[in-house]
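Here's the structure we're looking at; comments come further down.
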Amino acid sequence: MQRTLRATTATVLTTGLVMAATASCSLIGEGDDGPDRASSDPSASIAGTTITLVTHDTFAADFPKKLVKQFEKQTGAKLEIRAGGDAGKLTTSLALNQKNPIGDVAFGVDNTFASRAIDEDVFATYAAELPPGADELALDGDGADRLAPIDQASVCVNVDTAWFEKNDIDPPASLDDLTDPAYKDLLVAPGASSSSPGLAFLLATIGEYGDDWSGYWDDLLANGIDLTEGWTDAYYGAFTAASDGDRPIVVSYDTSPAFTIDEKTGESTTEALLDTCFRQVEYAGVLENAKNPAGARAVVDWLLSPEVQAALPDSLYVFPADDSVELPDDWAKFAEKPTDPIEVSADDIAEHRKAWLTEWTDIVSR
């Protein structure tokens with residue numbers, strides 16, 4: 001999920017140094033939970049080592065530095081964070097360097113690219129212990145033992161409700177509505193070939209319209225959809241609720257309304273259309289052939305820890321995989337998850353993603 005330069009006033013939530021008392025167990029892997037876990041070697045220690053975490057640009061830029069320092073203090077290891085682009089670029093880089101990985105552990109491969117990473121043996125086996133609710137986000141088959149779900153957020157069409165009210169126009173409510181002439185030249189979306197949320201939006205249209213998805217995109221283009229390179233360009237460059245742009249409809253996230261609160265009214269000025277959503281899940285895993293696999297396993301456990309999970313909403317703008325985490329007040333009120341998101345199976349994505357993107361590129365290039 002590629003997101004950058006969000007709200008600058010976000011307050012990082014922490015739940016206390018609960019890892020301090022259990023660092024040797026949760027971070028350097030002491031215990032006896034099985035042969036594929038770091039805990040299989042009680043004498044293993046990562047103190048004095050360097051662990052390289054390869055991740056997307058958003059995590060590298062926005063994740064709280066104080067939590068990184070906590071990890072380093074508790075383990076005695078140094079955590080080096082290396083930015084690798086968005087989910088697609090990150091996955092490609094990891095696959096191309098499978099035999100000589102660019103790090104020890106990776107975070108940010110999502111469910112639209114996970115099958116490729118699994119098929120190309122990018123990740124080693126490590127069945128991390130998951131927090132409450134995370135099992136529902138786990139991959140099927142071999143992927144469940146290689147990638148741990150860290151967070152989720154759904155890509156949805158968002159509308160500037162204040163703009164529509166001011167202009168006395170009813171906002172759209174569905175994907176069908178976006179092709180209505182009433183909304184001509186009002187929609188902006190990141191491109192499917194250049195951004196993770198753009199690909200998720202394409203998959204939403206494929207899941208909704210099946211073999212007719214290309215015709216739907218012809219209609220979107222005829223109705224004036226504006227395509228940008230990435231989410232930031234769409235949201236902060238064209239969306240009326242976040243910029244001086246002229247597009248009151250944007251492809252963003254179900255979490256976005258929690259960050260458009262009017263200070264006077266205390267209400268959000270935007271709304272996510274929950275019937276348009278495609279769920280994204282981000283995963284972390286130990287890289288095959290990693291130089292520091294014990295340290296990599298410790299990082300996966302750390303990403304699943306209570307304090308990191310609690311920090312995700314206000315730092316990365318995603319729902320934590322741990323559904324026992326208490327969400328910020330604005331999230332509880334305005335960041336509503338879709339109850340029935342549009343789905344495309346992982347097998348279908350793996351089999352058809354390249355062909356779909358090729359066809360989509362041809363359509364939008366006409």
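Distance between the pseudo-spin-label points of ASP362 and GLU263 (7 Å out from Cα toward the beta carbon): 5.2 nm.
What number results when the radius of gyration of region 52-181, computed over Cα atoms, is divided by 2.2 N^0.38 Å?
Numbers: Rg = 19.3 Å, N = 130, 2.2 N^0.38 = 14.0 Å.
My calculation over the Cα atoms of region 52-181 gives 1.38.
Here is the list for region 87-161: trypsin sites (Lys or Arg not before Pro) lying in DSSP coil, each with at most 15 other C-beta atoms within 10 angstrom of its C-beta, are LYS99.
In this simple spin-label approximation, ASP176 and ALA60 carry label points 7 Å from Cα along the Cα→Cβ vector, and these lie 4.4 nm apart. Would you list, by chain and number, the aspartates and glutamates whose Cα falls below 18 Å from the Cα of LYS99, excluding same-chain residues fewer than 8 positions away? In chain and number order, the partners are ASP119, GLU120, ASP121, GLU288. Return the aspartates and glutamates within reach of LYS66: Cα separation strictly under 19 angstrom, same-chain partners fewer than 8 residues apart disregarded; answer none if there are no such residues. Of all the aspartates and glutamates, those that pass the test against LYS66 - Cα under 19 Å, at least 8 places apart if same chain - are ASP57, GLU80, ASP301, GLU307, ASP314.
Can you flag which of LYS89/LYS264; LYS333/LYS354; LYS166/LYS354; LYS69/LYS89; LYS73/LYS354 are past 32 Å Cα-Cα?
Values: LYS89/LYS264 41 Å; LYS333/LYS354 38 Å; LYS166/LYS354 42 Å; LYS69/LYS89 27 Å; LYS73/LYS354 43 Å.
Cα-Cα > 32 Å for LYS89/LYS264; LYS333/LYS354; LYS166/LYS354; LYS73/LYS354; rest within.
Residues whose amide H falls under 5 Å from that of SER268, counting only those 5 or more places apart or on a different chain, are ASP262, with hydrogens built in the peptide plane.
In what sequence do LEU357, LEU147 fall when counting other Cβ within 10 Å, fewest first?
Working: LEU357 16, LEU147 29.
Fewest to most other Cβ atoms nearby, the residues stand as LEU357, LEU147.
Ranked from largest, the principal axis spans of the Cα set of the chain equal 67, 48, 29 Å.
Using just the Cα positions, wrap region 99-250 in a convex hull and report its mean projected area in square nanometres, one decimal place. Could the numbers behind the result be given before it?
Numbers: hull surface 45.8 nm².
In nm², the orientation-averaged hull projection of region 99-250 is 11.5.
Each helix, a run of at least 4 DSSP H residues, gives -39500 (n - 2.57); summed and divided by the residues of the chain, these come to -9500 deg cm²/dmol at 222 nm.
Dividing the alpha-carbon radius of gyration of region 176-287 by 2.2 N^0.38 Å (N being the number of residues), what value is obtained? Please list the in-between numbers first.
On the way: Rg = 14.8 Å, N = 112, 2.2 N^0.38 = 13.2 Å.
Against the compact-globule rule of thumb, the ratio is 1.12.
Using all alpha carbons of region 280-348, what is the percent of pairwise distances in each 5 Å bin, ordered from the shortest bin to the longest? Cα pair-distance distribution for region 280-348, in percent: 3, 13, 19, 18, 16, 16, 9, 5, 1. Each other residue within a Cβ distance under 9 Å of GLN98 adds +1 if Lys or Arg and -1 if Asp or Glu, for a net charge of -2.
Note that region 251-366 carries a Kirkwood radius of 17.3 Å, evaluated over its alpha carbons pair by pair.
Using DSSP, restrict attention to beta bridges with both residues in the chain and report what percent are antiparallel, rounded to the nearest 5.
Values: 24 of 40 bridges.
Of all bridge pairs located within the chain, approximately 60 percent are antiparallel.
Dividing the Cα radius of gyration of region 130-214 by 2.2 N^0.38 Å, with N the residue count, gives 1.45.
Modelled spin-label separation between ARG82 and ASN100, with each label point placed 7 Å from Cα along the Cα-to-Cβ direction: 1.2 nm.
What area, in nm² and to one decimal, does the C-alpha convex hull of region 310-366 cast on average over all directions?
Working: hull surface 25.7 nm².
Convex hull of Cα atoms, orientation-averaged projection: 6.4 nm².
Readers should treat all values here as calculations from the given coordinates under stated rules, not as data from a laboratory. Keep in mind it's a predicted model, so treat the numbers as computed, not measured. Heads up, the Cβs are rebuilt from the backbone with ideal geometry, glycines too, and the neighbour counts pull from every protein chain shown.
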